[in-house]
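Written below as structure tokens is the structure these notes are about.
Coordinate-derived values only; no laboratory data. Keep in mind that this is a model prediction, so the values were computed, not measured. Please note: Cβ atoms are built from the backbone with ideal geometry, for glycine as well, and neighbour counts cover all protein chains shown.
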Amino acid sequence: MPAIFKSNLNLLVTGYGCCKQDIFAVQGALYDIQRFCINFVNTPEDADLLVVQGFYNKEGITRVLNIYERMSNPRGVIAVGTCVLNKNLFSKDSKLLDWFRSVVKIYMYVPGCPPRPEAFIYAVLRILDES
Amino acid sequence: MDNNNNKTYPLPGVVFREEMKSDLEFILKDKVDRITGTGFDLLIELPPENLYVVVKELKENPRLRANIFGGMNACKNNKRNFLLINLRSAYNDLSVLLKMEMQNDDIETGYIEAANILEEFYKAAAFYKRTSRIARCDFNIEIPPGILDGLDCFDINIYADEDKVKEAYIDTCVSRVLDYEFYRDMKIYNLIAIINRFDWKAGIFPELCLCSAIEKLLQLKPTKRARYIRMLLCELYRISNHIYFILNICNILQYDIAYSMCHLERERVLGLIETITGSRVAPNFIRIGGVKKNIEEETLADIRKNLPLLFENIRKIEKIMTEDFLIIERLKNIGIISKDTALEYGVTGPNLRASGARNDLRKDNDFISYGDLSFTTPVGREGDCLERVIIRFREIFQSLRLVNQIINNFPEGDYIKKINLPHLEFQPGAISQDIECPHGIFKIYMEVGEKDIDSLVIKGPSMNSLILGGEIIKGESLEDIDLILMSLDISPGEIMNTQYKTEY
């Protein structure tokens, strides 16, 4: 990511799945991701990084791509959780990542089912450090 | 006597009702193939062409009066295909499962035909008949899935006049991700490990439901210590789920003080759960015949130390929320559900209790070992959003008292009855199991072969809440939609279970 984001990085979380509650737990006073100037936003136009997590069907994938197109450059994706990284627990033939990787640039993979809030913070801070 | 204290909604399956079964056999003798008892419910197997006659008899016969539509599920696998319809009665202890076997290709057309027939008797069945509904009126606002957990699994199509909602239609197309046969070639211990994703706000309950059903088949009763560990985890997860609910409400209201306080308290409860199970969200802790690990004395001391802190801090959150007139004015008199409507749509759990019906499986059914503990079920009156928030606060305090009772009377003994799982053999048959989860009554129906599970139907309570949510937002203003739907405490993992895929 460009160095400009060191002072303000906006995240948008899409999809639905169990990882979402542990991602939003970093907003709380115990983990407090906002001390690193990282915020969660609700509209794709404001977002710099897209957090992809949870279960997707065909309809869901087209909607994620629509959201990704609406984001302004420079932009990137973090993939969170086993359902996105490996395979969906409940749908054996879903291979989201193989298909997704050819279309968008993925900055960081966060493994775990679901990953702990510390793991998510660590991934975002790695992105900031590398910029 | 106050009407609230009357038990108007007796629950199914308190005792196995031979009398009701013989009545049903007498009334429906030519129209159905077979009636059997499956644990909590009576299973009626019938041919698809007799559905209209049987449902009419069940609804209109004064002896039966099945007025609650529980839900409809399709099950499709390599051995058999069937539709399962759940009907209950608010007047007597009747809960039936109608099972219609079909051919492989017929099941999707049969689904729509069954929904058409059921719509004549039950309003809630219209939700399952998706295609014609969307063509009936034109919508001018389309709200995509939201960001927050609970609002992210459906689209809402709305026809609005200025800012009032006239017609609303909820479409769960993004959440139909489940394969029909996700449990195929899966051992029982693998299924226990992944089934908690069906209710990820409180993951212990699906595991408990599955293990209890298998224990019922094997006629196995876990040890007293195992039952107490299960109850302790249930109550801790109930507290965590209700704090998460209040947190989301505060997030929508942009009430940041209570929001960050809720986060701290939730982390405290999740920390306690983590010391017991080793995981925050997906516990994988319940086993057939007991639990995975023992609880040490230090853990109990840790819980004992944290209970007064939790009680104090949640009391503080309740105080600042209920004394702020801005919050009260925002929540009061919106999304009102009357008792009859809630019963008609098959809503259970805190949402039903907020409308004034006393219904708690823990109390009525002596579920696990709740008979040993002394507690009362909190019941509301108004049935609006404020009442639904307040009843969750009261349930948190009730659960804290229950945790206190459990850890003070913690029994000694083994924590699991060891069974040889690879050599396990069942008597082939069907079983259904209900448990009281924080959103309502969670139901599992399964058919077992000699070695493994042949077919599995999971039905969570959030589907009924969502169908009712689509009805009660009519007439409200647009800004309140998020708040009303969030106040129903929808768990997205249970919505994922709608396996039927539509094309339109």
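Observations
- Whole-percent pair-distance distribution, where bins are 10 Å wide, for the alpha carbons of the range B:35-180: 10, 33, 31, 21, 5, 0
- Spin-label pair B:Arg315/B:Arg63, simplified geometry with 7 Å Cα→Cβ offset, distance in nm: 5.5 nm
- Once you divide the Cα radius of gyration of chain B by 2.2 N^0.38 Å, the number left is 0.95.
- Chain lengthening between B:Ser260 and B:Thr36 when straightened (0.36 nm per residue, less Cα-Cα): 75.5 nm
- In this structure the amide hydrogen of B:Asp454, modeled in the peptide plane, comes within under 5 Å of the amide hydrogens of B:Glu447, B:Val448, B:Gly449, none closer than 5 places in sequence on its chain.
- Counting only DSSP beta bridges with both residues in chain A, the antiparallel share comes to about 5 percent.
- Theoretical FRET efficiency, 1/(1+(r/R0)^6), r = Cβ-Cβ of B:Lys187 and B:Gln405, R0 41 Å, to 0.05: 0.65
- For the range B:369-384, backbone phi angles converted through the Karplus equation (6.51, -1.76, 1.60; θ = phi - 60°) give residue-by-residue couplings of 10, 5, x, 6, 9, 10, 7, 10, 8, x, 10, x, 10, 6, x, 9 Hz, Gly and Pro being listed as x.
- The distance between label points at B:Lys164 and B:Arg304 comes to 6.0 nm (points 7 Å beyond Cα on the Cα→Cβ vector).
- Charges were assigned to the Cβ only: +1 to each Lys and Arg, -1 to each Asp and Glu. The resulting dipole of the range A:3-118 about its Cα centre is roughly 260 debye.
- 44 Å tail of the calculated P(r), the protein assembly as shown, as % of Cα pairs: 17 percent
- Extreme residue, positive dipole direction of the protein assembly as shown, given options B:Ile337, B:His439, B:Pro62 (C-beta unit charges): B:His439
- Computed helical MRE - 222 nm, the protein assembly as shown, DSSP H runs ≥ 4 contributing -39500 (n - 2.57), nearest 500: -12000 deg cm²/dmol
- Cβ neighbours within 10 Å from other chains - mean over A:11-20: 6
- Paramagnetic reach from B:Lys451 (point 7 Å along Cα→Cβ, amide N under 15 Å) across the range B:410-431: B:421-428
- Counting Cβ atoms of other protein chains within 10 Å of each Cβ in B:178-189 and taking the mean gives 2.
- Taking the range B:362-386 and a reference point 7 angstrom along Cα→Cβ of B:Ile419, the backbone N atoms nearer than 17 Å belong to B:368.
- Neighbouring Cβ atoms from other chains, within 10 Å of the Cβ of residues in A:23-29, number 6 on average.
- When each of the peptides B:231-243, B:414-426, B:364-376 is scored by how many other beta carbons lie within 10 Å of its residues on average, the order from highest to lowest is B:231-243, B:364-376, B:414-426.
- Vicinal HN-Hα couplings computed from phi for the range B:408-418 (Karplus, 6.51 cos²θ - 1.76 cosθ + 1.60; Hz; Gly/Pro x): 7, 10, 6, x, 8, x, 6, 9, 8, 9, 6
- Across the range A:103-119, rounded Karplus estimates of 3J(HN,Hα) from the backbone phi angles (6.51 cos²θ - 1.76 cosθ + 1.60, θ = phi - 60°) give 9, 10, 8, 9, 7, 8, 10, 10, x, x, 9, x, x, 6, x, 4, 5 Hz, Gly and Pro being marked x.
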